[in-house]
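All remarks here apply to the structure that follows.
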Amino acid sequence: MPNGHEVSILIVEDDPGHARLIEKNLKRSNITNSVTAVSDGQQALDFLFGTGAFAGKELPAQLLVLLDLNMPVLDGYQVLERMKADPRTKRIPVIILTTTDDPREVARCYELGCNVYITKPVDYVKFADAIAKLGLLLSIVAVPGGKA
């Protein structure tokens, strides 16, 4: 990713197979950025706010979040809402990456402040292709610093 600083990627995905597939296909697209994967919304908020297992760890200067919606503990909507309500995280770009394609859910995510909404194809080959295309997007996108 361009812009002089290494952009870290936070993958928030409860399906370990999907998380591995996302990471693998981003690497195939020559995205070599630091990647952290967490499996539920609470872990995502812990990462973002330096609490729980991430207590004392500083948030990367530049961060991009790939966020699933349907997860245990806290869902993606709750994570997105909390991120965009807090001045420390409101500028962090969020890409929703989920199987939900209901237009009302898409609209809700944009209203809550997501930057991009991508529906994960169910078919493995199409899913891998979608992540490869996401990798191309990530290779040219500029990401603001995460701190207000």
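What follows draws every value from the coordinates through simple rules; no lab data is involved. All figures in this text were calculated on a predicted structure; none of them were measured in a lab. Note that each Cβ is placed from the backbone with ideal geometry, even for glycine, and that neighbours are counted across all protein chains shown.
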I want to check a number: in the chain, how many lysine pairs have alpha carbons closer than 16 Å, given a sequence separation of 8 or more or different chains?
8
With only alpha-carbon atoms counted, please give the Rg and Dmax of the chain, in Å.
14.2, 40
List the GluC sites (Glu not before Pro) in region 20-89 that DSSP assigns to loop (not H, G, I, E or B) and whose Cβ has at most 10 other Cβ atoms within 10 Å. Which are they?
E58
Using θ = phi - 60° and Karplus 6.51 cos²θ - 1.76 cosθ + 1.60, couplings along region 74-85 (whole Hz; Gly, Pro as x)
10, 8, x, 4, 5, 4, 4, 4, 5, 4, 6, 8
